[in-house]
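The values are calculated or read from the model by the stated rules, or taken from the named source; none is laboratory data. Small disclaimer: the values here were computed from a predicted structure and weren't measured. Note that we place each Cβ from the backbone using ideal geometry, even for glycine, and neighbour counts take in every protein chain shown. What goes into the accessible areas is simple: the full protein's heavy atoms, side chains included, and nothing from ligands, DNA or RNA. Shrake-Rupley method; radii C 1.70, N 1.55, O 1.52, S 1.80 Å.
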Amino acid sequence: MGIVIFNGISSQDFHIQVEHPPGYEFPERDYDLVHVPGRNGDIVLDKGSYKNVEREYEIAVAAINESFATAANRISEWLHSASTYARLEDSYEPEYYRMALYSENNLVSNILQHAGRTTVLFNCKPQRYLKQGEKPVIFIKSTGKLRNPTYFNALPIITVKGNGSGVLQVGNYIVNISSIEGSLIIDSEIQDAYNGTQNRNQYVTLNNGFPQLVSGESQISFTGGITSVEVIPNWWTL
């Protein structure tokens, strides 16, 4: 029996059985084709991104110690528990998770007031995030290496600890920090520097933009008042 976990809540809590494993959805690259008169072949204008995909689960639900209407309503409440993207996991790809929206408008068939069937559809961001990429990697020595196991550049969350000023280098990305004051977080996903609720962008100067972890190895080094660096890599693939 397959398991679906959406927004931190498991399908097992609702006596749901996934009747068929979901298929594998290939994301579509976002690009435009432009034809130039007199020139053979179209020009590809790659936007450097991918479009959302759909993930579909065919499920059956049993109304155990409750009415069919109550069971169906609890499933509806679960699927509507998030108003924006929420974490989606399943037992078919246990090493990955996605960020997904529940696609609206559904019907649960009523089988003799005791059970039902339906198809649940999620609209997912194209990335499949590796769970191993959620584990922080701590560098105490002034230099080290971090290997990206995928073909796609990852956008890490980096916590710098220390005092005073310092310089952090991640591969070809250089971050000059004029004031650390204990700790400072550099979040490449949302492109922000902060400490708790305090914005710290004014203390950060970026050479080459917010750090990315390219495919393969990245050298991590730091100098000055930085005493340690913690990296949550956020590895992802398609």
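Just to confirm a number: summing +1 for Lys and Arg and -1 for Asp and Glu over residues other than Ile186 whose beta-carbon lies under 13 angstrom from that of Ile186, what do you get?
Residues close to Ile186 contribute a combined charge of -2.
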Requested in this report: Counting helices only, and only those DSSP H runs with n ≥ 4, report the 222 nm mean residue ellipticity of the chain as the sum of -39,500 (n - 2.57) divided by its residues, in deg cm²/dmol to the nearest 500.
Outcome: -1500 deg cm²/dmol
Query - Full-stretch length increase - Ser49, Gln12 - with 0.36 nm per residue and alpha-carbon distance subtracted - result: 9.8 nm
Query raised in the report: Pick from Thr197, Thr223, Thr118: which residue has the top mean-square fluctuation in a GNM of the chain where Cα pairs under 10 Å get a spring?
Result: Thr197
Query raised in the report: Do you know the relative contact order of the range 163-222, to the nearest whole percent, from alpha carbon pairs under 8 angstrom that are 6+ apart?
Result: 41
Report summary line: Probe 1.4 Å, heavy atoms of protein chains only: per residue, the accessible area of the chain in Å² is 55
Query raised in the report: If we sort 171-180, 43-52 on the protection proxy, mean other Cβ atoms within 10 Å, highest first, what's the order?
Result: 171-180, 43-52
Query raised in the report: Does anyone have the angle between helix 68-79 and the longest principal axis of the chain? Alpha-carbon axes, 0 to 90°, nearest 10?
Result: 10
Requested in this report: Scan (i) 29, 21, 17; (ii) 42, 26, 15; (iii) 32, 19, 16 for the value of semi-axes √(5λ) of the Cα gyration tensor in Å calculated from this model and give just the label.
Outcome: (ii)
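Could you tell me what percent of the accessible area of the chain is made up of carbon and sulfur, with a 1.4 Å probe and every protein chain present? Show your work: numbers first, answer last.
Values: 6460 of 13050 Å².
Looking at the chain in its full context, I get 49 percent from C and S.
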